[in-house]
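Down below is the structure, laid out as C-alpha cells.
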Amino acid sequence: MILESVATVFRYANSAFAALQSTWKALKGLIYKRKRVIMALEERTTELEFENRSLKDEIARKNEIIGPLEPYGYFFYKDRPNEPLCPKCTQSLPSHPVNLSPIVIGNGGSYRECIHCHWQKYESSEQPVQPVRMGRPGIGSFRNR
Ligand SMILES: [Zn+2]
C-alpha cells in the first residue's frame, strides 16, 4: 500500500516535472524572441536619438543663418554679416555652411568662390570677359570680337 502511494507520488512528480520542463522551454523561447525585439528597439532608439540630435543642431544652425539676401543671394551668420556663406552649400541637405572666398579680381570682374564646391558669383560682372588674343590680322587671330 505504501509502495503504491510512493509510486503514485513519483508518477505525479514526473508528470509535473515534464510539464514544468515544457513550460520552461516555451518561456525560454518567448524570452529569446522578446530579447531580440528589445535589441532591435534599442538599436532603432539609438538611430532616432542620433537623427534627433542632428535635426536639433540643424535647426539651431538655421536659426543662426539669414538669407538669401539681395543683391547676390548670399547667406550670412547673423553675428557675422560681413562674411557671406555659399548658397549652394548652405541650402544642401544636410546643410553645410561654408564661407565664400574674399573678393577675387580677375576674368573681367570681381567675384567670390566657394572653397568647398567652387560655386562662383560675379559681383561686378555676370560674364567673364574672354581673353584678348593678340596677333597679326588675317592669320587666325582676333581682337575683341
Ligand atoms: Zn559651396
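For region 66-99, name all the residues that are within 21 Å of the chain's Cα centre (by Cα) and charged (D, E, K, R).
Passing the criteria: only Lys88.
Taking the residues in region 39-91 that are acidic (Asp, Glu), away from the ligand (no atom under 16 Å from the Cβ) and not in a helix (DSSP H, G or I) as candidates, determine which candidate is nearest to Tyr111 (Cα to Cα).
My answer is Glu70.
Evaluate the following for Arg34: is it out of contact with any Ser or Thr (no Cβ under 9 Å at 6 or more places or on another chain), closer than 30 Å to Ser95 by Cβ and assigned to a helix (DSSP H, G or I)? Break it down stepwise before answering.
On the way: out of contact with any Ser or Thr (no Cβ under 9 Å at 6 or more places or on another chain): yes; closer than 30 Å to Ser95 by Cβ: no; assigned to a helix (DSSP H, G or I): yes.
It is false that Arg34 is out of contact with any Ser or Thr (no Cβ under 9 Å at 6 or more places or on another chain), closer than 30 Å to Ser95 by Cβ and assigned to a helix (DSSP H, G or I).
Among Leu41, Leu69, Leu20, which is the only one that is over 30 Å from Leu93 (Cβ atoms) and of a type in the set (A, V, I, L, M)?
Numbers: Leu41 fails: over 30 Å from Leu93 (Cβ atoms); Leu69 fails: over 30 Å from Leu93 (Cβ atoms).
Checking each option against the conditions leaves just Leu20.
What number of residues within region 92-119 are at pLDDT 90 or above and either within 13 Å of the ligand (Cβ to nearest atom) or assigned to a strand (DSSP E or B) (or both)?
Initially, region 92-119 is screened for residues at pLDDT 90 or above, giving 92, 97-105, 110-119.
Narrowing further to those that are either within 13 Å of the ligand (Cβ to nearest atom) or assigned to a strand (DSSP E or B) (or both): 92, 97-101, 104-105, 110-119.
The qualifying residues number 18.
Being of a type outside the set (Asp, Glu), in contact with a Lys or Arg (Cβ under 7 Å, 6 or more places away or on another chain) and in contact (Cβ under 8 Å) with a residue 24 or more places away in the chain: is that true of Tyr72 here? I'd like the intermediate steps shown before the answer.
Numbers: of a type outside the set (Asp, Glu): yes; in contact with a Lys or Arg (Cβ under 7 Å, 6 or more places away or on another chain): yes; in contact (Cβ under 8 Å) with a residue 24 or more places away in the chain: yes.
In short, yes.
The values are calculated or read from the model by the stated rules, or taken from the named source; none is laboratory data. All values derive from a computational prediction rather than experimental measurement. No Cβ is skipped: glycine too gets one built from the backbone with ideal geometry, and neighbour counts run over all protein chains shown.
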